[in-house]
Amino acid sequence: MTFTSHMDAAMAEAIAAGDRGEVPVGAVIVGPQGVVAKAGNRTRELNDPTAHAEVLAIRAACQALGQERLSGYDLYVTLEPCPMCAAAISNARIGRLYYGASDPKSGGVAQGPRVFSHAQCHHKPEVYDGIGAAASEALLRDFFAKKRI
């Protein structure tokens, strides 16, 4: 079996989010049938602090599939999920999480609270980090540099 990364699709969502003035983070959910859902951050647009790319993609995938669990599905996201998103990933029973840039300030997987390592975490996805990290980091760095001008 050959591994096919869908991080390019997540990056396209991140770029679109940045173009809308959102923090440029994108997410894609993939299953046996291919891409099921994709989203970029929309917290400002929707006036919703929970409208992170991962949460929106999970909601869209569950709606499209008519189920509340995503066992056997993969999530690609350009930035390490925050604690809220990590909890949503666990609750959705995502099978594998692939993420790009690590997030020392707000991450919840390898940084900070490390949600998946808690005894209260009912499901731990397989986690693969650093996929497309350089591109994700550059996109975020450029976005915030422009905000400081």
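The values are calculated or read from the model by the stated rules, or taken from the named source; none is laboratory data. Computed from a predicted structure; not experimentally measured. When we count neighbours, we look across all protein chains shown, and the Cβ atoms used for this are built from the backbone with ideal geometry, even at glycine. To get the accessible areas, we keep the full protein, side chains included, count just its heavy atoms, and leave off ligands, DNA and RNA. Shrake-Rupley method; radii C 1.70, N 1.55, O 1.52, S 1.80 Å.
Values as computed for the structure displayed
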| read-out | value |
| --- | --- |
| Directionally averaged projected area (convex hull, Cα atoms, the chain), nm² | 8.7 nm² |
| Cα gyration tensor category, rounded, prolate or oblate, for region 97-149 with a/c compared to 1.5 | oblate |
| Residue order for 98, 128 - accessible surface, 1.4 angstrom probe, largest first | 128, 98 |
| Charge tally in the Cβ shell below 13 Å around residue 82, where Lys, Arg are +1 and Asp, Glu are -1, residue 82 excluded | -1 |
| Estimated vicinal HN-Hα couplings, Hz - region 82-96 in sequence order (Karplus 6.51, -1.76, 1.60; Gly, Pro = x) | 6, x, 4, 5, 4, 5, 5, 4, 5, 5, 7, 6, 4, x, 9 |
| Relative contact order (%) - criterion: Cα under 8 Å, at least six apart; region: the chain | 19 percent |
| Cα-based helix-to-principal-axis angle, 7-19 vs the chain, degrees rounded to 10 | 40 degrees |
| Gain on full stretching of the segment that runs from residue 96 to residue 59 - 0.36 nm per residue minus C-alpha separation | 11.6 nm |
| Net lengthening on full extension, residue 71/residue 45 (0.36 nm per residue, minus Cα-Cα) | 6.4 nm |
| Summed side-chain charge close to residue 45 - residues other than residue 45 whose Cβ falls under 13 Å, Lys, Arg +1, Asp, Glu -1 | 0 |
| Within the chain, helix-based [θ] at 222 nm, where runs of 4 or more DSSP H residues each add -39,500 (n - 2.57), nearest 500 | -11000 deg cm²/dmol |
| Sites residue 123 and residue 19, calculated FRET efficiency, Cβ-Cβ separation with R0 30 Å, nearest 0.05 | 0.35 |
| For residue 36, distant residues with modelled amide H under 5 Å away | 29, 30, 31 |
| Protein accessible area in the chain, 1.4 Å probe - carbon and sulfur % | 52 percent |
| Selection of trypsin sites (Lys or Arg not before Pro), region 98-149, meeting DSSP coil and at most 11 other Cβ within 10 Å | 105, 148 |
| Extension gain from residue 142 to residue 105, taking 0.36 nm per residue of separation minus the Cα-Cα distance | 11.6 nm |
| Amide H within-cut-off set for residue 103, under 5 Å, with H built and near neighbours excluded | 80 |
| Cα-based reach from residue 147 at 19 Å (exclusive), listing aspartates and glutamates while leaving out same-chain residues under 8 positions away | 19, 22, 45, 103, 137 |
| Between helix 133-147 and the chain: long-axis angle, C-alpha atoms, 0 to 90°, nearest 10 | 40 degrees |
| Total formal charge among the other residues, if their Cβ is under 14 angstrom from that of residue 137, Lys/Arg +1 and Asp/Glu -1 | -2 |
| Rg over Rh, two decimals, region 27-72 (C-alpha only, Kirkwood Rh) | 1.01 |
| For the chain, accessible area per residue (1.4 Å probe, heavy atoms of protein chains only), Å² | 52 Å² |
